[in-house]
1. Only strands (runs of 3 or more DSSP E) wholly contained in the range 201-320 count here; list those with 3 or more residues that are surrounded by fewer than 22 Cβ atoms within 10 Å (Cβ to Cβ).
2. Quick check, is K175 among the charged types (D, E, K, R), more than 30 Å from L286 (Cα to Cα) and within 22 Å of the chain's Cα centre (by Cα)?
3. Show the residue pairs that are 6+ apart or on different chains and have beta-carbon atoms under 8 Å apart, the first residue being within the range 108-133 and free of Cβ contacts under 8 Å to residues at least 12 places away in the same chain, the second being surrounded by 23 or more Cβ atoms within 10 Å (Cβ to Cβ).
4. Can you confirm whether the range 3-13 contains a residue that is assigned by TED's automatic domain parsing to the domain that holds D109, surrounded by 22 or more Cβ atoms within 10 Å (Cβ to Cβ), in contact with a Gly (Cβ under 9 Å, 6 or more places away or on another chain) and closer than 23 Å to E273 by Cβ?
5. Can you say whether V142 is among the β-branched types (V, I, T) and within 19 Å of the chain's Cα centre (by Cα), as far as the supplied structure shows?
6. Being in contact with a strand residue (DSSP E or B) (Cβ under 7 Å, 6 or more places away or on another chain) and modelled with pLDDT under 95 is the filter here; which residues of the range 238-271 pass it?
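The values are calculated or read from the model by the stated rules, or taken from the named source; none is laboratory data. None of these values were measured; they are calculated from a predicted model. Don't worry about glycine lacking a Cβ; one is built from the backbone with ideal geometry, like all the others, and counts go over all protein chains shown.
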Amino acid sequence: MHAVRFEKTGGPEVLQTLEADTPEPGAGEVLVRHAAIGVNFIDIYHRTGLYPVPLPSGLGQEAAGVVESVGPGVTRFRPDDRIAWAMAGLKAYADYAAVTAERCVRLPDAIDFEVAAAALLKGMTAEFLLRRCYPVQSGQAVLIHAAAGGVGQIMVQWAKTLGARVIATVGSEPKAEIARRLGADEVILYRDQDVAAEVRRITSGAGVAVAYDSVGKDTFEGTLASLARRGCFVSYGNASGPAPPVEPQRLSRLGSLFFTRPTLGDYVVTAEELDASANAVFDMILAGDLHVEIGQTYPLAQAATAQAALEARTTVGTTLLMPGQ
């Protein structure tokens, strides 16, 4: 099989596509023949060393496909089952992966592999952020950064189904049109406009109840200044670089603010939590409340090109790698 590996951290050029042995599923594992592979910003954090991993390493945490075989003790799935998986090791950028069965979810027949690979990790991220990390209530004003990106597009749509007033930020006018089409009530061009000033204008000075920030360094100050009294700053990404440290007294001075840095892994700890989150995503898709835009696809061998485009923030929606190409 073909698999993407890297032996040292660095730019996209450190990624290599190699011939590798197809793994055998061990106890509690299933061997998945991938049909589509999701590309996520966390993959870049692993490649660059922002999130350190033992080297050499594989890459990627999200894929969808068919169960080729099962290891000893597996009763959750059978060969030929359609499944998707996320958060089960750095092994998605490959034609096959042996994955812990408890980290896989059954894929409804009406959802194709490409949509599943595009939606699972990003959709579960949106689910836990909006429903459990900070449970958004109808009528609340929320700020969603990078609203035209993979997670951002899902969050805008999901927040609207919860009845929120969505203020979205994007980096260009074409991306602003995408955010509006998905239901954003207001859109701010964060490179050209003062985010906090616009948020205060839009909310008549009140600010937002919660701000979801995946950009990091470039948007940190604007996000902090956009929050209402007792508002919540949810920092969940570093697209522009890590956010700076937060001094506790500053949170007090700005209105008894809350600050959290959550990760999906802590919200899908058990198979039951994983199934519940994934099924919530699939239900949204099947109900027509969530459209997942696959903005660009690349052959597996072009993983470096795909990551470079994502890192430059020139992509729209979700990026997929296609095995066997």
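1. Numbers: elements: 208-213, 227-235, 258-260, 294-299.
Filter on the range 201-320 gives 227-235, 258-260, 294-299.
2. Values: among the charged types (D, E, K, R): yes; more than 30 Å from L286 (Cα to Cα): no; within 22 Å of the chain's Cα centre (by Cα): yes.
Considered against the rule, which asks whether it is among the charged types (D, E, K, R), more than 30 Å from L286 (Cα to Cα) and within 22 Å of the chain's Cα centre (by Cα), K175 comes out as no.
3. Final answer for the pair search is none.
4. Checking the range 3-13: not a single residue is assigned by TED's automatic domain parsing to the domain that holds D109, surrounded by 22 or more Cβ atoms within 10 Å (Cβ to Cβ), in contact with a Gly (Cβ under 9 Å, 6 or more places away or on another chain) and closer than 23 Å to E273 by Cβ.
5. Numbers: among the β-branched types (V, I, T): yes; within 19 Å of the chain's Cα centre (by Cα): yes.
So V142 fits the description; yes.
6. A243, V246
Rundown of residues vs (1) more than 16 Å from the chain's Cα centre (by Cα); (2) of a type outside the set (S, T, N, Q), yes/no style:
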residue: G241; (1), (2): yes, yes
residue: P245; (1), (2): yes, yes
residue: F282; (1), (2): no, yes
residue: T305; (1), (2): yes, no
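For (1) assigned to a strand (DSSP E or B); (2) buried (at least 20 other Cβ atoms within 10 Å of the Cβ); (3) touching a residue at least 60 places away in the same chain (Cβ under 8 Å), each residue gets a yes or a no:
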position: V30; (1), (2), (3): yes, yes, yes
position: R33; (1), (2), (3): yes, no, yes
position: I42; (1), (2), (3): no, yes, no
position: Y45; (1), (2), (3): no, no, yes
position: L55; (1), (2), (3): no, no, no
position: E68; (1), (2), (3): yes, no, no
position: D80; (1), (2), (3): no, no, no
